[in-house]
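Here's the structure we're looking at; comments come further down.
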Amino acid sequence: MSARSKSNPKRRIQLQNTPPDPKLAERLVYTGNPLHKRNPGDFDLDPPGAARPGKTLCDGSGIFSRSEAFKLLQQGFAKGLVSVQTRDGWPQNIWAVSASQIPLEAQHEGNGRYHGYPLQQFDPLREEVLARWSST
């Protein structure tokens with residue numbers, strides 16, 4: 001099963017590490033996505049795990065609990081590691097870094113719901129996410 005071969009060049013992290021509207025933070029939801037999971041952990045996915053060729057698997061990041069994924073989503077949001085691009089007032093992407101120093105990207109699915117996956121080695125945002133995470 002191969003991973004994505006390229007990243008979206010339009011993605012940009014906002015310049016200042018300022019979190020978006022705090023009222024949005026209260027409505028954040030981490031959903032997960034079965035297309036990015038080989039092992040479903042406690043994500044309660046439907047289907048349980050349906051990794052698809054071309055999708056980046058989040059299993060390699062070592063995050064197997066919904067609560068840990070949600071905590072990282074909240075931390076990235078609070079640190080202001082959010083995209084310039086928005087959808088319906090929500091950041092299109094939120095970035096975080098796992099305890100094992102793996103940069104992660106969450107993508108907005110609608111209405112404050114996100115799923116996430118690790119950034120690939122070749123992704124140009126990888127180093128920027130690592131640097132900005134450690135500086136906040």
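Annotations
- Ranked by the mean number of other Cβ atoms within 10 Å of their residues, highest first, the peptides 73-81, 107-115 fall in the order 73-81, 107-115.
- Once both labels are positioned 7 Å from their Cα atoms along Cα-to-Cβ, the gap between GLN120 and SER135 label points is 2.6 nm.
- ARG12 long-range amide H proximity, modeled H, under 5 Å: VAL84, GLN85
- Per-residue SASA entry for ASP88, accessible area with 1.4 Å probe, Å² rounded to 10: 140 Å²
- Taking 0.36 nm per residue of separation and subtracting the current Cα-Cα distance, fully stretching the chain between GLN75 and LEU24 would add 17.0 nm.
- J(HN,Hα) series, the range 121-136, from Karplus relation 6.51 cos²θ - 1.76 cosθ + 1.60, nearest Hz, glycine and proline x: 4, 7, 5, x, 7, 3, 5, 5, 4, 4, 5, 6, 5, 6, 8, 10
The values are calculated or read from the model by the stated rules, or taken from the named source; none is laboratory data. Keep in mind that what you see is a predicted model, and the values were worked out from it rather than measured. Reconstructed Cβ throughout: ideal geometry from the backbone, glycine too, with neighbour counts over all protein chains shown. Only protein heavy atoms, including side chains, enter the accessible area calculation; ligands, DNA and RNA are left aside. Shrake-Rupley method; radii C 1.70, N 1.55, O 1.52, S 1.80 Å.
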